[in-house]
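Let me begin by presenting the structure, written as structure tokens, before commenting on it.
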Amino acid sequence: MSYWNRETCQPTSQYEGEITREARILALCDPHDAYNKPLYDGPLPEGSKLLAVGSTLADFDNESIIDQDPNVIFVSHPNARGPLVELLNKFPSVEWVHTRSAGVDFIASDGLFSSPVQLTNAKGMFSSTLAEYCMMACAYFAKDLPRLMRQKNDVNWEQYPVLEIRGATLGVVGFGDIGRSSAKLAKAYGMKVLGLKRSIPESFSDPYCDEIYDMNGLVELVQKSDYILIATPLTEQTRGLISKKVLLHCKKTAVIINVGRGPIIDEEALIEALANGDIKGAGLDVMTVEPLPKDSQLWKLDNVLLSPHNMDMTLSFMQESTEFFINENLPRYVRGIELLNPVDKSAGY
């Protein structure tokens, strides 16, 4: 299986080989989504054509589309879970579903996972900027950035000791694409890296990971870590993974950094741990409920760095993801070449 990473992979300038099938595409998207303009306006690769764009089954339920037997669905609409299953039932000719995001939790359903369609995603498109956020969050707490800002505001020249990131331990819960990109930067800072994966290949070896654990090693990983990065996808197995029990095993000086999904952490238990000083702080780019409710205690806690789920939101990030679908996977599909970024539907990522 092959996976794309924008740091290490070069765009393919031209695919060669015989076109063996057409790609007849339904875009389950907002028609006004500017990031999808390369798909809407074209040109598309040889052998590919866009049949329709819409967000509900009704947008695609007409004879001109039905007669063309659509076989590809491109998904970017945030409320696509139900409509996607309806489309799969309506169009049994669909062979492949591609999502513009790396996470597939927003379309996850029994209907999708039990279907025979191949599912691919945008893994590798957002890793580098989330890795940068991880290191920024480490520095935020190590150098006590809030104090710096307060002292500047108060015109107060007062020296204070700071922590060194070099020599600290980063525990990565979910040592996949985002986790590994973060580990790469952490190593440049001189950190020790512990990784956790659902399954570990016998031949596992990685220059950016000093120790690797399976899921049974979660408690040991958090006990050893100064900074704990949550970078695992949201599945039924990872929902609530960072529980109150797990948080109680963290060092009192530990910082939790979440770039995965909010529900991976028991948010109430996290708030309690932060308020009681059981852990030092948290950097959160994702929350259980988004937008974060205005009455959430997370807004009021001084030891929390909050961002509105935008730490991968570069000016070009989503358009690049759409272009990956167009320029890399569509040419592969029409030639019968193995698609990049296959999702294991049984695992949910």
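The values are calculated or read from the model by the stated rules, or taken from the named source; none is laboratory data. Not measured: the values here are computed from a predicted model. Neighbour counts run over all protein chains shown; Cβ positions are idealised from the backbone, glycine included. The accessibility values were calculated without ligands, DNA or RNA, using every heavy atom of the protein model including side chains. Shrake-Rupley method; radii C 1.70, N 1.55, O 1.52, S 1.80 Å.
Given 90, 123, which one is in contact with a Phe, Trp or Tyr (Cβ under 8 Å, 6 or more places away or on another chain) and surrounded by fewer than 18 Cβ atoms within 10 Å (Cβ to Cβ)?
Step by step, each of 90, 123 is checked, and only 90 is in contact with a Phe, Trp or Tyr (Cβ under 8 Å, 6 or more places away or on another chain) and surrounded by fewer than 18 Cβ atoms within 10 Å (Cβ to Cβ).
Taking the range 192-202 on its own, how many of its residues are closer than 16 Å to residue 173 by Cα and assigned to a loop (DSSP other than H, G, I, E, B)?
Result for the range 192-202: 4.
Among the residues of the range 95-120, which ones are in a helix (DSSP H, G or I) and open to solvent by 20 Å² or more (accessible area, probe 1.4 Å)?
Within the range 95-120, 110, 111, 113 qualify.
Do we find that residue 335 is modelled with pLDDT of 95 or more, within 26 Å of residue 117 (Cβ to Cβ), under 15 Å from the mean Cα position of the chain (by Cα) and open to solvent by 30 Å² or more (accessible area, probe 1.4 Å) in this structure?
The answer is no for residue 335.
(1) surrounded by 16 or more Cβ atoms within 10 Å (Cβ to Cβ); (2) aliphatic (A, V, I, L, M); (3) within 24 Å of residue 7 (Cα to Cα): which one isn't true of residue 313, the others all being true?
In the conditions (1) surrounded by 16 or more Cβ atoms within 10 Å (Cβ to Cβ); (2) aliphatic (A, V, I, L, M); (3) within 24 Å of residue 7 (Cα to Cα), residue 313 misses (1) alone.
So residue 264 fits all but one of (1) hydrophobic (A, V, I, L, M, F, W, C); (2) closer than 27 Å to residue 101 by Cα; (3) in contact with a Cys (Cβ under 9 Å, 6 or more places away or on another chain); what number is the exception?
(3)
Tally time: how many residues in the range 148-174 are free of Cβ contacts under 8 Å to residues at least 40 places away in the same chain and either part of a loop (DSSP other than H, G, I, E, B) or buried (at least 21 other Cβ atoms within 10 Å of the Cβ) (or both)?
Residues in the range 148-174 being free of Cβ contacts under 8 Å to residues at least 40 places away in the same chain and either part of a loop (DSSP other than H, G, I, E, B) or buried (at least 21 other Cβ atoms within 10 Å of the Cβ) (or both): 14 in total.
Is there any pair with a first residue in the range 32-57 that is over 15 Å from residue 72 (Cβ atoms) and a second that is open to solvent by 50 Å² or more (accessible area, probe 1.4 Å) whose Cβ atoms are under 6 Å apart and which are 6 or more apart or on different chains, and what are they?
Close Cβ pairs (under 6 Å, with a partner that is open to solvent by 50 Å² or more (accessible area, probe 1.4 Å)) amount to 35/319; 38/323; 57/86.
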